[in-house]
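> This is the structure I have questions about; it appears just below.
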Amino acid sequence: QNLMSEEEFPRFLAQLRIPLPSSFRITGSRSHAKELKDLMVSKYFPGIENFVDDAGEVVQVPKPIPWYPDDLAWSYSASRTALKKSPQLATYHKFLVAETEVGNISRQEVVSMIPVLLLDVKPEHSVLDMCAAPGSKTAQIIEAIHANDEPIPSGLVVANDAEQARAYMLVRQTKRLQSPCLVVTNHEAQFLPFISLAGAPAVQAGPDAPATSSRVLRFDRILGDVPCSGDGTMRKNKLIWNSWKVGNGNGLHKLQLQILIRGIEMLKVGGQMVYSTCSFNPIENEAVVAAALRHCGGTCAIELVDASKRLPQLERRNGICTWKVMSGNGTWYSSWDDVPAERRAKLAPTMFAQEDNVSLGLDKCIRLYPHLQDTGGFFVAVIRKTGPFGKMD
Ligand SMILES: C[S@@+](CC[C@H](N)C(=O)[O-])C[C@H]1O[C@@H](n2cnc3c(N)ncnc32)[C@H](O)[C@@H]1O
């Protein structure tokens, strides 16, 4: 797909074969998080610093993630044997486990921290997390809602997942945060109903808007961290190497697009939505974003936000504007017109790159590759709703 140059590709592939370092965020109020970070560095790091493992390698102390605010996210890679052999490392590990149990530390893959940082959640925002389980990003959203340490912030978080067992998991994961601002729902995100605000006055949003439009809850921020083929998680999830097939991404494209469009419908005018996947596949990424932009009236109602100045130390690549589509039998197609009738059932016109991709600003999407900063792979698009779209607006 020409995602990178031929010279760069072997580095990308080699990095995919190296296990992913562990990572975590220090959570809680700002002052408390800083205290915990200082304790970790002063009490536990000195004992780890000079430990040499069985292979003769010096164990590295955990490192702060350079682009994460206030040095509150860290990554480290100590082998299980090193943990067993070094009492200091084992003590540090116990500290991490204990602090995770009480909710002061949240284990989370580094790239998975990015969507919520770019969502820019404020304590007064109403936020919808459409595909939320197991809840690592919901936890980040809740923390942002409580950033001012008010006992009850005015914001609201609705965290949803379609799978019932995973929705329960979401409840368990978020319970430790004890937030009064959280509602968990169990629904298919593409069919999420509007939430009525009983008792709210019926004011018209505009001369042609229905009188009921203001009774419906619109969200300031929406996260659509959609189900995806997961090829960006290959370093952590080795099963993907065997289970990956081209049909996985193709099969999810339609659902991903429906979820993104439903999210845009539920967003306030002026609000922002982040669409993200842990996949490199343009069919699940740029193709979905481009099709949603077209569906919602091009750049009149929604636009891609240029986030290139945000998180300046994060190394990233721009979204792409051209790609091809492969069918299940391994044949490449450049346009829908080239697809023979017998192959059309499993593909869709929205999967294909179109000429307006550059004017839609697809290059503003963000691609994260493992070899850039020793992470997993991710895709993030920040979308702003600039004008009304659909009957309810
Ligand atoms: C990539 S995971 C989300 C990870 C989560 N945001 C986090 O950071 O912990 C995708 C989730 O979407 C859920 N899902 C699958 N189909 C869905 C649908 N139609 N509507 C809502 N959620 C769905 C899956 O159960 C899964 O939990």
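> Looking at segment 119-137, which of the residues that are within 14 Å of the ligand (Cβ to nearest atom) and either touching a Pro at 6+ places or on another chain (Cβ under 6 Å) or in a helix (DSSP H, G or I) (or both) is least open to solvent (accessible area, probe 1.4 Å)?
The qualifying residue least open to solvent (accessible area, probe 1.4 Å) is Leu119.
> May I ask you to list the residues in segment 332-363 that are of a type in the set (S, T, N, Q) and exposed (fewer than 14 other Cβ atoms within 10 Å of the Cβ)?
Once the filter is applied, which keeps residues that are of a type in the set (S, T, N, Q) and exposed (fewer than 14 other Cβ atoms within 10 Å of the Cβ), segment 332-363 yields Ser334, Ser335, Ser359.
> Quick test of your reading of the structure: Gln140 fulfils all but one of (1) surrounded by 22 or more Cβ atoms within 10 Å (Cβ to Cβ); (2) free of Cβ contacts under 8 Å to residues at least 40 places away in the same chain; (3) within 9 Å of the ligand (Cβ to nearest atom); (4) not charged (D, E, K, R). Name the failing condition by number.
Tallying (1) surrounded by 22 or more Cβ atoms within 10 Å (Cβ to Cβ); (2) free of Cβ contacts under 8 Å to residues at least 40 places away in the same chain; (3) within 9 Å of the ligand (Cβ to nearest atom); (4) not charged (D, E, K, R), Gln140 fails exactly one: (2).
> Going through segment 150-166 one residue at a time, which ones are more than 19 Å from the chain's Cα centre (by Cα) and either among the small types (Gly, Ala, Ser) or not assigned by TED's automatic domain parsing to the domain that holds Leu223 (or both)?
Ser154, Gly155, Ala165
> Would you point out the residue of segment 49-73, among those that are modelled with pLDDT under 80 and among the β-branched types (Val, Ile, Thr), that is farthest from Glu109 (Cα to Cα)?
Val52
> Follow-up. What number goes with the only condition from (1) in contact (Cβ under 8 Å) with a residue 60 or more places away in the chain; (2) within 16 Å of Val288 (Cα to Cα); (3) among the β-branched types (Val, Ile, Thr) that Val358 does not pass?
Unmet condition: (1).
The values are calculated or read from the model by the stated rules, or taken from the named source; none is laboratory data. What you see is a predicted model; the values in this text were computed from it and never measured. When we count neighbours, we look across all protein chains shown, and the Cβ atoms used for this are built from the backbone with ideal geometry, even at glycine. All accessible areas refer to the heavy atoms of the entire protein, side chains included, with ligands and DNA or RNA removed. Shrake-Rupley method; radii C 1.70, N 1.55, O 1.52, S 1.80 Å.
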